Amino acid sequence: MKVVVQIDALEPLVARALVVAGASNANARIIARVVAAAERDGCHSHGVLRMPGFVTALRSGWLNGRATPSVRETAAGTISVDAGNGFAQVALEAGRGRLMEMARQNGIAAMAIHNGHHFAALWPDVEPFAEAGFVAIGCVSSRRRIAPWGAKRKVFGTNPMAFACPRAGRPPFVWDQASSVMSQGEMLIAQREGRRLPQGVGIDAQGQPTTSPEAILGAGAFLPFGTHKGSAVAAMVEILAAAVGGAEFGFEDRSAGNPGATTSRSGQFLLLIDPSRFAGPQFAERLELLFAELADAGVDRLPGDRRLEARRRAGRDGIEVEKADYDRLVDLAGASAGSKP
């Protein structure tokens, strides 16, 4: 069963739940935008479903919801941000403006965030850069969940990556994907609904294939997409998001020893490119030539199209949220029953 809510009602409710759990008002508003955007765009695995995890991490003291990030320029085109054991999105916001200035000045710029917690969708981090005219690439490390191809135990995080590219007169081209066959959020939904998983998604504690989300999320491990190729991509993300910025590797995560530590203290890497410094005005033309060729070849849906359609639908009809998730959010926010739609 679902309830329908408008985004201008959902965001404040999410922010209130985070503040009640210990986050500052300013930090809570940043995370609320990300959570509400995921629900608006049909990405339910990374929306309100994640709120109990955020709240538990805040209440336990594992995540500092009042942290003030420290931004340091390390070269003409590089920024290092210490998230202060707070939200990674807050750290990104602290360095966003200067990162874009550097990319406009130099044609390219990069940011590395460490000591932060990223527990949401990644595309909201990169899409605004594309809306401002940049090509953006981002990736995030996390606690170990993936067994590298050929291994019997987990080493890498699900290590998501995202890409965003501006388009003339159209919404940006954006994709966001995990390095695993299935994201953690999708697996949590399958577990909640009592569904078995497809073959090839994960292994159990003995390293044997399983279709049980409980076995994989417990002592088992996720498998990388594309077998050895996905494993290589997961390693790349681990290097960029953790090693480059001085963050913890997934296998160094210490959350298991901290009750309530549902999020990962991890790293994030972002790269901005100003395409006008390379191909100039030809960039937009060349890009549309590529998309036209894809359409002519029979591609009827680009990555992100489904999300954009959900966004249009939500703007017209409101956001559909699972009733159980929404009721839990209302409880976390300490809101009255009259707050429910």
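The values are calculated or read from the model by the stated rules, or taken from the named source; none is laboratory data. Only a predicted model underlies this, so the values are computations on that prediction, with no experimental measurement involved. Cβ atoms come from the backbone with ideal geometry, glycine included; neighbour counts cover every protein chain shown.
Things worth noting here:
- Considering only residues in the stretch 1-45 that are closer than 19 Å to VAL321 by Cα and of a type in the set (Lys, Arg), the one that is surrounded by the fewest Cβ atoms within 10 Å (Cβ to Cβ) turns out to be LYS2.
- Test: PRO209 is touching a Lys or Arg at 6+ places or on another chain (Cβ under 8 Å) and without any contact (Cβ under 8 Å) to a residue 40 or more places away in the chain: no
- Qualifying position, being out of contact with any Asp or Glu (no Cβ under 8 Å at 6 or more places or on another chain), assigned to a strand (DSSP E or B) and either touching a residue at least 60 places away in the same chain (Cβ under 8 Å) or not polar (S, T, N, Q) (or both), among ALA112, ALA120: ALA112
- From the list ALA109, ALA57, ALA91, the lone residue that is more than 16 Å from the chain's Cα centre (by Cα), within 19 Å of ILE137 (Cα to Cα) and crowded, with 20+ Cβ neighbours inside 10 Å is ALA109.
- Where PHE156 falls short, out of the listed (1) among the aromatic types (Phe, Trp, Tyr); (2) surrounded by fewer than 24 Cβ atoms within 10 Å (Cβ to Cβ); (3) within 25 Å of LEU271 (Cα to Cα); (4) touching a residue at least 40 places away in the same chain (Cβ under 8 Å): (2)
- Qualifying residues in the stretch 123-168 (those that are in a loop (DSSP other than H, G, I, E, B) and within 10 Å of the chain's Cα centre (by Cα)) - the one nearest to VAL35 (Cα to Cα): PRO160
- Where a residue in the stretch 285-305 is over 23 Å from TRP123 (Cα atoms) and its partner, wherever it lies, is surrounded by 10 or more Cβ atoms within 10 Å (Cβ to Cβ), with Cβ under 7 Å and at least six apart: ARG286/ALA279
- Test for SER231: is it under 24 Å from VAL201 (Cα atoms), at pLDDT 95 or above and surrounded by 21 or more Cβ atoms within 10 Å (Cβ to Cβ): yes
- For ARG170, the conditions (1) free of Cβ contacts under 8 Å to residues at least 12 places away in the same chain; (2) closer than 28 Å to GLY220 by Cβ are fulfilled apart from (2).
- Checking each residue in the stretch 18-54 for being more than 21 Å from ALA91 (Cβ to Cβ) and either assigned to a helix (DSSP H, G or I) or among the hydroxyl-bearing types (Ser, Thr, Tyr) (or both) picks out VAL20, GLU39, ARG40, HIS44, SER45, VAL48, LEU49, PRO52.
- Given (1) in contact (Cβ under 8 Å) with a residue 40 or more places away in the chain; (2) closer than 20 Å to MET182 by Cβ; (3) part of a helix (DSSP H, G or I), number of the condition SER266 does not satisfy: (3)
- Within the stretch 37-79, being touching an Asp or Glu at 6+ places or on another chain (Cβ under 7 Å), within 29 Å of ASP274 (Cα to Cα) and among the small types (Gly, Ala, Ser) holds for one residue alone: SER70.
Results for (1) more than 16 Å from ALA32 (Cα to Cα); (2) part of a helix (DSSP H, G or I); (3) free of Cβ contacts under 8 Å to residues at least 60 places away in the same chain; (4) not hydrophobic (A, V, I, L, M, F, W, C), shown as yes or no for each residue.
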{"site": "ARG59", "(1), (2), (3), (4)": "yes, yes, no, yes"}
{"site": "THR68", "(1), (2), (3), (4)": "yes, no, yes, yes"}
{"site": "GLU73", "(1), (2), (3), (4)": "yes, no, yes, yes"}
{"site": "GLY86", "(1), (2), (3), (4)": "no, no, yes, yes"}
{"site": "LEU92", "(1), (2), (3), (4)": "no, yes, no, no"}
{"site": "ARG96", "(1), (2), (3), (4)": "yes, yes, yes, yes"}
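- Test result for GLY245, surrounded by 19 or more Cβ atoms within 10 Å (Cβ to Cβ) and assigned to a loop (DSSP other than H, G, I, E, B): yes
- Single residue of LEU294, LEU332 found to be over 25 Å from the mean Cα position of the chain (by Cα) and assigned to a helix (DSSP H, G or I): LEU294
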